[in-house]
Each structure stands twice: as structure tokens, then as C-alpha cells.
Amino acid sequence: MKICYIASSASIHSKRWANFFAKKGYEVHVIAAKFSGGFDENVTLHPLPRLIPNKWYLSKYLSLGLWPFSVRRLLKKIKPDLIHAHYVTMSGYLAAFSGFHPFVMTAWGSDILIDPQKSRFFRALTKYTLKKADLITCDAHHFVEALVKLSAPRGIIELVIFGVDVEKFSPRGKDERLARELGILNSPTVLSLRNLEPLYDLETLINAVPLVLKEIPEAKFVIAGDGTQRGYLEKLASSFENNVRFLGLVSSNELPEYLALADVYVSTSLSDAGLASSTAEAMACGLPVIVTDFGDNSKWVKDGSGGFVIPTKSPEILATRIIYLLENIDVRDKFGRVNRLIIEERNNVEKEMEKMDTLYRVLVKRKEDDN
């Protein structure tokens, strides 16, 4: 099978899907505006042309009128059995305008829940893209209804979880050298992996820190991620900076080592489509998690079983749950074992990609029969 993805190459999900099918022996191509590392050597990369190479943001918008024609030209050259766009905004638009079929569209979250609300133009483009798709996948039950409201045919929507590499993300011993380097050796540690953007509401976590420190002064908070709010959040945490460490972005290959250092994982997001990848990876590593009550989080984390599900923007409640988990190691261990089992059974990337493979084969067979 020959698959062509149209996606952001910066996405770990896009890389993971492309690499999985390349290793399976399929011929895999990726069309993207620009490329970063992390693709399997057998994946063929096709960068879209940029009118002003050294001015990325300006070039991106000036090139929009050119890219639909570039995608069409590339598809005629590649001659894939199917195309698969990741994220409706931009990638999905380009795939829809190409006129190629079978066309698989994977919706992620903000591209359906937020972007179409920005303007009538974005909403119209989103509806157009979804109507053009032969198959739409998403990773959350509640997301299905959002897609249907945007005119997606219910009968072509399939639930396919992004999935976790359960071998890479698994319980392991702490790296004492790394812990010492971060200044958290022998300290109870709370970890967040969400980006420092308003959507992920790290402000709530920072506001919970002094409440936790009143009860557990030695607690440490490690925030791995970056974004437009970093300066603001660092300033907000400045009065207890010895207890909060901002790491910036951490590569996917390094994440298991950082997760192994933590005692509790926290996600304060205001919006998620399904279970966030970072939360799923923390669960796979055997960590108890505290997540906000949004989207499908409560379907994955049963309050009081694998962790806690709390209201958004509730630093006081968050602090009490963190304190409870840091003070009760037996509960942490029990919750962590529950979470590991859930991810192995329901969020295993190998199982989900085999499901995707079956869906691909059905589409290709249908195209062959029609021809």
C-alpha cells in the first residue's frame, strides 16, 4: 500500500503514524510546509514551496494560494492508494481541495472545537473539508457529535485513539543524575507536560503551588513545555522559584526519563478532545494523574481510582488532591498500576494502528471495486 500523509511534521502523532506504516513495509510519503527530524529513513518527505524561505510566517501566508496546486502536482507524481490529512485546518483544506480519493481526515480537537468558531469563513472551509472526506477519525466519543454538527456524515466517523508506545513509556527507575541536575533528588515531585498557552491553564497549577507548600514545603514542581505564557508564568512563580522548575520543551525520546522522576502528573487543560497524549504517557509510566473534567477525561481517569478528575480553574481543589497523593505513597502506587493497565488495554498505539490499517484496506478495496 502507498500512503501519503498531509500533516504538520512537527507533530509527534503524524511522525508516529507515518513511521509505523513505513516499518510495516508500506510506501509512505509526507507532504508538509516544513520538516523537523524524527521520521523513519524509509519515509519520503515532500516540502511545500515557500516564497520567502527565510521569513517563515510571512511566507506561510503568501504561499497559501500556491500550495493547493503544489499538493495536486505532488499527488500526481506520488500516485498514492490513499491520502490521509492530520488536522482539519490547513492540512485538511489542502487534501480536500486536491480532489483526491480515498481521502482520510483525522480531526484533533481545536480544529473542530475552536477554529470553526473564529469566523464564518473558517466554519465553511471546515464543513467543506469534512464533506469531502471518505473516512473521518477522531480520538474522543464526545468529538463525534461536534463533527456531526459541522455536517460530517456520522456513518464515516471512526474512533481511532492516537495511542501510546507502551514499551517506550513504561514504569522505570529514577535517573538520580537527572534528578540531582534538576534539584529534585529525594523531593516529592509534581510534573506537567502541557504547553504554556492559555488553553492549558498552567496558571491554575502555579496558583496551587503555595497551597501545597504550606503542607509539604519540600515539594517540587517541574513544568516541561513552552509557549507564549512562559514569561508570565515564571513571574507568577517567582516568589517560590526554588520549588518550581521550568524546563522548556523536552524531546519525546527524553520524556520517559522525566516521567520516571515524578510522583504525580497534573493536567490543568481547559479543553482536550480525547485523553491528551502527555496524560496517556504519564499513565503508561505508572503515574497517578490529576486532570480537569473536560472532554473524555472522566472516561479514562475514574475519580478516586487512577487519580482525580477536578473542575477547571480550581487551584484549591487541585492543591488538596496533590497533597493527598504526595502524602500517600500506597495510593499513588495503586493508582499508577490501574493507569498502566488501562493504557495497555485501551490506548496501545500498536492496537490502534492495526485498526487503522484495517480501515485503510477497506477504503482501498472499495476504490478498486469501483474502478
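The values are calculated or read from the model by the stated rules, or taken from the named source; none is laboratory data. What you are looking at is a predicted structure, and each value in this text was computed from that prediction instead of being measured. No Cβ is skipped: glycine too gets one built from the backbone with ideal geometry, and neighbour counts run over all protein chains shown.
Taken together, the residues in segment 281-314 that are among the small types (Gly, Ala, Ser) and surrounded by fewer than 23 Cβ atoms within 10 Å (Cβ to Cβ) amount to 5. The set of residues from segment 143-175 being farther than 22 Å from Ser14 by Cα and part of a helix (DSSP H, G or I) comprises Glu145, Ala146, Val148, Lys149, Arg154, Gly155. Does segment 320-328 contain any residue that is surrounded by fewer than 16 Cβ atoms within 10 Å (Cβ to Cβ) and not in a helix (DSSP H, G or I)? Looking for residues that are surrounded by fewer than 16 Cβ atoms within 10 Å (Cβ to Cβ) and not in a helix (DSSP H, G or I), one finds at least one in segment 320-328, hence yes.
Here are Leu259, Leu275: which of them is within 17 Å of Gly173 (Cβ to Cβ), of a type outside the set (Gly, Ala, Ser) and surrounded by 24 or more Cβ atoms within 10 Å (Cβ to Cβ)? Walk me through how you get there before you give the answer.
On the way: Leu275 fails: within 17 Å of Gly173 (Cβ to Cβ).
Going through Leu259, Leu275 in turn, just one is within 17 Å of Gly173 (Cβ to Cβ), of a type outside the set (Gly, Ala, Ser) and surrounded by 24 or more Cβ atoms within 10 Å (Cβ to Cβ): Leu259.
Taking Ser14 as the residue in question, decide whether it is within 25 Å of Thr358 (Cα to Cα), among the hydroxyl-bearing types (Ser, Thr, Tyr) and modelled with pLDDT of 95 or more. Answer is no for this residue.
Could you tell me whether Gly37 is part of a loop (DSSP other than H, G, I, E, B), over 25 Å from Ser278 (Cβ atoms) and modelled with pLDDT under 95? Talk me through it step by step, then tell me what you get.
Details: part of a loop (DSSP other than H, G, I, E, B): yes; over 25 Å from Ser278 (Cβ atoms): no; modelled with pLDDT under 95: yes.
Judged against the criteria, Gly37 is not a match.
Set side by side, the residues Asn371, Asn339 differ, and just one is out of contact with any Cys (no Cβ under 6 Å at 6 or more places or on another chain), farther than 27 Å from Pro210 by Cα and at pLDDT 95 or above, which is Asn339.
Which residue is modelled with the lowest pLDDT, if the candidates are limited to segment 25-34 and must be more than 10 Å from Ile6 (Cα to Cα) and either in contact with a strand residue (DSSP E or B) (Cβ under 7 Å, 6 or more places away or on another chain) or not in a loop (DSSP other than H, G, I, E, B) (or both)? Even if it seems obvious, please write down each step before you answer.
First, pick out the residues of segment 25-34 that are more than 10 Å from Ile6 (Cα to Cα): 25-28, 34.
Narrowing the set further to residues that are either in contact with a strand residue (DSSP E or B) (Cβ under 7 Å, 6 or more places away or on another chain) or not in a loop (DSSP other than H, G, I, E, B) (or both) leaves 26-28, 34.
On the way: Tyr26: 97, Glu27: 97, Val28: 97, Lys34: 79.
Looking at the filtered set, the residue picked out is Lys34.
Within segment 297-313, residues that are more than 18 Å from Asp201 (Cβ to Cβ) reach partners that are surrounded by 15 or more Cβ atoms within 10 Å (Cβ to Cβ) with beta carbons closer than 6 Å, at six or more positions or on different chains, in the pairs Trp300/Leu275; Asp303/Val309; Ser305/Val338; Gly306/Phe335; Gly306/Val338; Gly306/Asn339. Kindly check whether there is at least one residue in segment 115-130 that is within 20 Å of Thr358 (Cβ to Cβ) and outside any loop (DSSP other than H, G, I, E, B). Scanning segment 115-130, I find no residue that is within 20 Å of Thr358 (Cβ to Cβ) and outside any loop (DSSP other than H, G, I, E, B), so the answer is no.
Scan segment 251-274 for residues that are over 22 Å from Ile323 (Cβ atoms), among the charged types (D, E, K, R) and over 12 Å from the mean Cα position of the chain (by Cα) and jot them down. Selection gives Glu254, Glu257.
Would you confirm whether any residue within segment 329-338 is acidic (Asp, Glu), out of contact with any helix residue (DSSP H, G or I) (no Cβ under 9 Å at 6 or more places or on another chain) and over 17 Å from Ser192 (Cβ atoms)? Yes. Filtering segment 275-296 to residues that are in a loop (DSSP other than H, G, I, E, B) and under 9 Å from the mean Cα position of the chain (by Cα) leaves Leu275, Ala276.
Could you please give the count of residues in segment 175-192 that are surrounded by 15 or more Cβ atoms within 10 Å (Cβ to Cβ) and either touching a residue at least 40 places away in the same chain (Cβ under 8 Å) or touching a helix residue (DSSP H, G or I) at 6+ places or on another chain (Cβ under 6 Å) (or both)? It would help to see each step written out before you state the result.
First, the residues of segment 175-192 that are surrounded by 15 or more Cβ atoms within 10 Å (Cβ to Cβ): 175, 178-179, 182, 184-185, 187-192.
Narrowing further to those that are either touching a residue at least 40 places away in the same chain (Cβ under 8 Å) or touching a helix residue (DSSP H, G or I) at 6+ places or on another chain (Cβ under 6 Å) (or both): 175, 178-179, 182, 184-185, 188-192.
Selection size over segment 175-192: 11.
For segment 348-360, does any single residue satisfy the condition of being modelled with pLDDT under 95, within 19 Å of the chain's Cα centre (by Cα) and not in a helix (DSSP H, G or I)? For segment 348-360, residues modelled with pLDDT under 95, within 19 Å of the chain's Cα centre (by Cα) and not in a helix (DSSP H, G or I): present. Taken over segment 113-142, the criterion of being in contact (Cβ under 8 Å) with a residue 60 or more places away in the chain and either touching a Phe, Trp or Tyr at 6+ places or on another chain (Cβ under 7 Å) or under 15 Å from His13 (Cβ atoms) (or both) is satisfied by Asp134, Thr137, Cys138, Asp139, Ala140.
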